[in-house]
Amino acid sequence: MNVYVKRKRMDTIRKHFDRLYFIGDTHAKNMGIGKWIRSAGGNALHKKAAIHVGDFGIGFKNSDEDELELRALNTILIEHRIYLFILRGNHDDPKWFDNSNPVSNITFIKDHTLLEFALTDKKDPVKIYCNGGAISIDRTHRVENRNYWVDEKFTCPSDSELLEIPTDLDIIVTHNRPLGCHPTVYNKAVMQWCWNDDQLDFDLRKEQKEMKRMFDSIRKRNNIRNNILHYFGHYHWSHKERIGDIAHITLAMKEVAEYRH
């Protein structure tokens, strides 16, 4: 069984780019990433960072096949001057996520990681807090360690880890959303899976509450003049809403959004 262990200290990745983009779930259909960013206005001459909000689809094949596809995607990313940073979704094998670069332009982001990206047209670095994971609603119909991982869920950082998060964040990236954020009710599909899995409703609510605890801690410590953008996926539709000083942006599948400060 894979065991995904969070680091006790927050990792920080510092890079310089011209533009910053966010990408919704792709579920292993990743070869179009370069084209999608170009369609969103990405200039071929710009060095671009793209943060994938999870459900990249890594780990559903054997390691050799996964690595072959990563090398093919890497070639496309190099051609488009894109550096891809991938958050952990529920449809990703957690063992890949350790802030490593299996190929030059792709990084799998470990939970509880801070990205500091200096953008060409911005005076101060953009500070991006990343923490992935979510529960699969159809877990009872999946096979453990083949297309489902028991450690796939989001886990709230400890009290000491929460204090490591900067008070001047610009962006939060997660795969799922906290309690109180849209969608606030289950759709028909989730209700059906809850009927088949009598523990699911409890686990989903617990995960949402843990995410809310993280967001409440960040909001409480955040400079009140600093508006934070929160990007996430998981629900396969586009939606935007503001709750207090945080703007929550849900990305649909393959949706690309450019960061504009």
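The values are calculated or read from the model by the stated rules, or taken from the named source; none is laboratory data. Worth saying up front: this structure is predicted, and the values here are computed from it rather than measured. So basically every Cβ, Gly included, is an ideal-geometry build from the backbone, and we count neighbours across all protein chains shown. Side chains are part of the model used for accessible areas, which takes the heavy atoms of the whole protein and leaves out ligands, DNA and RNA. Shrake-Rupley method; radii C 1.70, N 1.55, O 1.52, S 1.80 Å.
Based on this model, can you work out whether Lys254 counts as over 19 Å from Pro166 (Cβ atoms), open to solvent by 30 Å² or more (accessible area, probe 1.4 Å) and within 16 Å of the chain's Cα centre (by Cα)?
Working: over 19 Å from Pro166 (Cβ atoms): yes; open to solvent by 30 Å² or more (accessible area, probe 1.4 Å): yes; within 16 Å of the chain's Cα centre (by Cα): yes.
It is true that Lys254 is over 19 Å from Pro166 (Cβ atoms), open to solvent by 30 Å² or more (accessible area, probe 1.4 Å) and within 16 Å of the chain's Cα centre (by Cα).
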Quiz item: Residues of the range 89-103 being buried (at least 21 other Cβ atoms within 10 Å of the Cβ) and of a type in the set (Gly, Ala, Ser), which ones?
Solution: Gly89
Practice problem: Return a yes/no flag: does the range 187-201 have any residue that is at pLDDT below 95 and either within 26 Å of Phe85 (Cα to Cα) or among the aromatic types (Phe, Trp, Tyr) (or both). | Solution: no
Exercise. Please identify the pairs in which a residue from the range 90-107 that is under 17 Å from Leu68 (Cα atoms) and touching a residue at least 12 places away in the same chain (Cβ under 8 Å) has its Cβ atom under 9 Å from the Cβ atom of a residue that is part of a strand (DSSP E or B) and open to solvent by 20 Å² or more (accessible area, probe 1.4 Å), counting only partners at least 6 apart or on another chain.
Key: Trp96/Pro102; Ser104/Tyr83; Asn105/Tyr83; Ile106/Tyr83; Thr107/Ile13; Thr107/Tyr83; Thr107/Ser100; Thr107/Asn101
Quiz item: How many residues does the range 204-229 hold that are open to solvent by 80 Å² or more (accessible area, probe 1.4 Å) and modelled with pLDDT of 95 or more?
Solution: 3
Quiz item: Under the condition of being open to solvent by less than 40 Å² (accessible area, probe 1.4 Å) and in contact (Cβ under 8 Å) with a residue 24 or more places away in the chain, which residue from the range 230-248 is nearest to Ile171 (Cα to Cα)?
Solution: His230
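When only residues in the range 184-193 that are touching a residue at least 40 places away in the same chain (Cβ under 8 Å) and either of a type outside the set (A, V, I, L, M) or under 14 Å from Ile135 (Cα atoms) (or both) count, which is least open to solvent (accessible area, probe 1.4 Å)? Walk me through it before giving the result.
Keep residues of the range 184-193 that are touching a residue at least 40 places away in the same chain (Cβ under 8 Å), which gives 189-190, 193.
Keeping just the survivors that are either of a type outside the set (A, V, I, L, M) or under 14 Å from Ile135 (Cα atoms) (or both) gives 190, 193.
On the way: Val190: 22, Trp193: 59 Å².
So the residue we want is Val190.
Pick from the range 110-124 the residues that are in contact with a His (Cβ under 9 Å, 6 or more places away or on another chain) and either hydroxyl-bearing (Ser, Thr, Tyr) or in a loop (DSSP other than H, G, I, E, B) (or both): which of them is nearest to Asp203 (Cα to Cα)?
Taking the range 110-124 first, the residues in contact with a His (Cβ under 9 Å, 6 or more places away or on another chain) are 117-122.
So of that shortlist, the ones also either hydroxyl-bearing (Ser, Thr, Tyr) or in a loop (DSSP other than H, G, I, E, B) (or both) come out as 120-122.
Details: Thr120: 43, Asp121: 43, Lys122: 41 Å.
Taking the candidates together, the pick is Lys122.
What residue, of Asp201, Asp159, Asp168, Asp197, is loosely packed, with under 12 Cβ neighbours inside 10 Å and either of a type outside the set (A, V, I, L, M, F, W, C) or touching a helix residue (DSSP H, G or I) at 6+ places or on another chain (Cβ under 9 Å) (or both)? Spell out how you get there, then give the answer.
Values: Asp201 fails: loosely packed, with under 12 Cβ neighbours inside 10 Å; Asp168 fails: loosely packed, with under 12 Cβ neighbours inside 10 Å; Asp197 fails: loosely packed, with under 12 Cβ neighbours inside 10 Å.
After ruling out the rest, the residue left standing is Asp159.
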Quiz item: Hey, among the residues in the range 112-125 that are among the charged types (D, E, K, R) and out of contact with any Ser or Thr (no Cβ under 7 Å at 6 or more places or on another chain), which one's least open to solvent (accessible area, probe 1.4 Å)?
Solution: Lys122
Quiz item: Which pairs have Cβ atoms under 6 Å, sit 6 or more apart or on different chains, and link a residue in the range 141-153 that is more than 18 Å from Phe202 (Cα to Cα) and part of a strand (DSSP E or B) to one that is modelled with pLDDT of 95 or more and among the charged types (D, E, K, R)?
Solution: Tyr148/Arg139; Tyr148/Arg142
